[in-house]
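Colleague: Right, I'll just put the structure down here and ask away after.
The values are calculated or read from the model by the stated rules, or taken from the named source; none is laboratory data. Predicted, not measured: the structure shown is a model, and the values here were computed from it. For neighbour counting, all protein chains shown are included, and Cβ atoms are generated from backbone atoms with ideal geometry for every residue, glycine included.
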Amino acid sequence: MQPVKIVDLFAGPGGVDVAAETLGVPVVGVEWDADACETRHAAGLGTVQGDVRRFGPADFPDADVLAGGPPCQTFTVAGSGAGRKALDDVLGFVERMVARDDPDEIANDLSKLDDERTGLVLEPLRWILEAIDVVKKPYEAIILEQVPAVLPVWAAYAQALANEGYSVDYGLLHTEAFGVPQTRKRAVLIARRGEHDVKLPGPTHRTYRKGVPRDAGDPKLEPWEIMGKVIDRGTAFEVISNYGTGGDPKLRGRRSSSQPSATVTGKIFRNRVVSTENVELKRFDYYEAGRLQTFPANYPWSGRDIGQQIGNAVPPRLAMHVLSAAFGWSRPSDELLAKLDHWHRPATLAVPAPTPSGEVLVGA
């Protein structure tokens, strides 16, 4: 398929958007966080600042692709079991939405959840069903991404989408298996309308395993990428995690510049960086942290809490592979992927619909 425009829910600072624009597909992102919107504005990305719950497909009539990565904090399976309860609640709401229960009753019940963020994972489904039932213009392709704990929700989505005439695939992807110099697992769903054999993208690189040499493994795949390829300190270095391994604060995880980074989180600037002689080096700056997520080296990070913006983002390199698979395209070429090294503002901005207040925020 040849997409017309993507509407990206919970768009953050632009991971999916950077990938889409690099592939030549216009995109408009809906994002409530003012700081992430500052970054998007500086990058020239079409943006509507606001709550996705106040919008729907009718507000973006020319978009034929839906993407989204809703917040996931309430779905952790650790601790008291609240995450398990939240997951059960969400799966029940999926059933009710697919059965076309009264939307007002569903909205009322969602408002009673202990944490309102729990219901946000249902927003892409609301948009999908409204596009089918109200706008009468179903999305041609759908791309959803989140942490591994959300995989059961994507399974429920997959069944619902299959019943609506979509071909669907979902599962866990390792970011380093697509050339991202970082180990990170993501739960991804892709769907395309009609009779297609939709498949998640296949790996291009080997998966990182502690203690396994970089040149070991499937010879048909490239070796995993290393931090030292995207961060040049002029010397080898090690990163010491802010978190204790196995819950022990004294056992800090360490990765060398000849390995992929550990998962980039919002606390990345707390990680220590030392030389191989254990001499303290300056900690990562915005641009280095962004490079570990495969954002362009000159990406214009703006606003506050940039660490959180970077940690929450979808790696653009992974997004390019996922988008290409969702559209039925071949995997992105090395030439296309290389464009992620340097950011060029989109030549033609995707002008969004106005917010409910009438304000339009567009990258300029």
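Colleague: From the set of residues in segment 266-308 that are of a type in the set (Phe, Trp, Tyr) and in contact (Cβ under 8 Å) with a residue 24 or more places away in the chain, which is nearest to ALA19 (Cα to Cα)?
Modeller: Quick first cut of segment 266-308, residues of a type in the set (Phe, Trp, Tyr) only: 269, 284, 286-287, 295, 299, 301.
So of that shortlist, the ones also in contact (Cβ under 8 Å) with a residue 24 or more places away in the chain come out as 269, 284, 286, 295, 299, 301.
Working: PHE269: 25, PHE284: 23, TYR286: 19, PHE295: 9, TYR299: 13, TRP301: 16 Å.
Looking at the filtered set, the residue picked out is PHE295.
Colleague: Oh, and also: For the structure I just gave you, tell me whether GLU288 is at pLDDT below 95 and either assigned to a loop (DSSP other than H, G, I, E, B) or more than 23 Å from TYR139 (Cβ to Cβ) (or both). Give the steps one after another, and end with the answer.
Modeller: Values: at pLDDT below 95: no; either assigned to a loop (DSSP other than H, G, I, E, B) or more than 23 Å from TYR139 (Cβ to Cβ) (or both): yes.
For GLU288, the condition - at pLDDT below 95 and either assigned to a loop (DSSP other than H, G, I, E, B) or more than 23 Å from TYR139 (Cβ to Cβ) (or both) - is not met.
Colleague: In segment 42-98, what residues are in contact with a strand residue (DSSP E or B) (Cβ under 7 Å, 6 or more places away or on another chain), modelled with pLDDT of 95 or more and farther than 13 Å from VAL30 by Cα?
Modeller: Result: VAL65, single match.
Colleague: With the requirement that a residue be in contact with an Asp or Glu (Cβ under 8 Å, 6 or more places away or on another chain) and outside any helix (DSSP H, G or I), what does segment 291-323 give you?
Modeller: Hits for segment 291-323 are PRO296, ALA297, SER302, GLY303, ARG304, ASP305, VAL314.
Colleague: GLU176 versus (1) under 22 Å from THR294 (Cβ atoms); (2) in contact (Cβ under 8 Å) with a residue 24 or more places away in the chain; (3) surrounded by fewer than 21 Cβ atoms within 10 Å (Cβ to Cβ): which is the lone unmet condition?
Modeller: (3)
Colleague: Do any strands (runs of 3 or more DSSP E) lying entirely in segment 124-233 carry at least 1 residues that are in contact with a Ser or Thr (Cβ under 7 Å, 6 or more places away or on another chain), farther than 30 Å from GLY266 by Cα and at pLDDT 95 or above, and which ones are they? If you could, list the steps in order and put the result at the bottom.
Modeller: Values: elements: 141-146, 166-174, 185-193.
Hits in segment 124-233: 185-193.
Colleague: If GLY211 satisfies every condition in (1) out of contact with any Phe, Trp or Tyr (no Cβ under 9 Å at 6 or more places or on another chain); (2) over 16 Å from PRO260 (Cα atoms) but one, which is the exception?
Modeller: (2)
Colleague: Is at least one residue of segment 182-195 touching a residue at least 40 places away in the same chain (Cβ under 8 Å), touching a Cys at 6+ places or on another chain (Cβ under 7 Å) and in the same structural domain as LEU323 (by TED's automatic domain parsing)?
Modeller: No, segment 182-195 has no match at all.
Colleague: Further question on the same structure: Name the residues in segment 96-117 that are touching a residue at least 24 places away in the same chain (Cβ under 8 Å) and under 13 Å from ARG53 (Cα atoms), would you? Before you say what the answer is, go through the steps one by one.
Modeller: In the first step, residues of segment 96-117 are kept if they are touching a residue at least 24 places away in the same chain (Cβ under 8 Å); the result is 97-98, 100, 113-115, 117.
Passing the criteria: only ARG117.
Colleague: If you take the residues of segment 103-138 that are among the acidic types (Asp, Glu) and in contact with a helix residue (DSSP H, G or I) (Cβ under 9 Å, 6 or more places away or on another chain), which of them is nearest to PRO61 (Cα to Cα)? Can you show your working first?
Modeller: Here is the first cut: in segment 103-138, the ones among the acidic types (Asp, Glu) are 104-105, 109, 114-116, 123, 130, 133.
Next, from what is left, pick out any that are in contact with a helix residue (DSSP H, G or I) (Cβ under 9 Å, 6 or more places away or on another chain): 105, 109, 114-116, 123, 130.
Working: GLU105: 26, ASP109: 29, ASP114: 34, ASP115: 31, GLU116: 28, GLU123: 17, GLU130: 12 Å.
Ranking the qualifying residues of segment 103-138, first place goes to GLU130.
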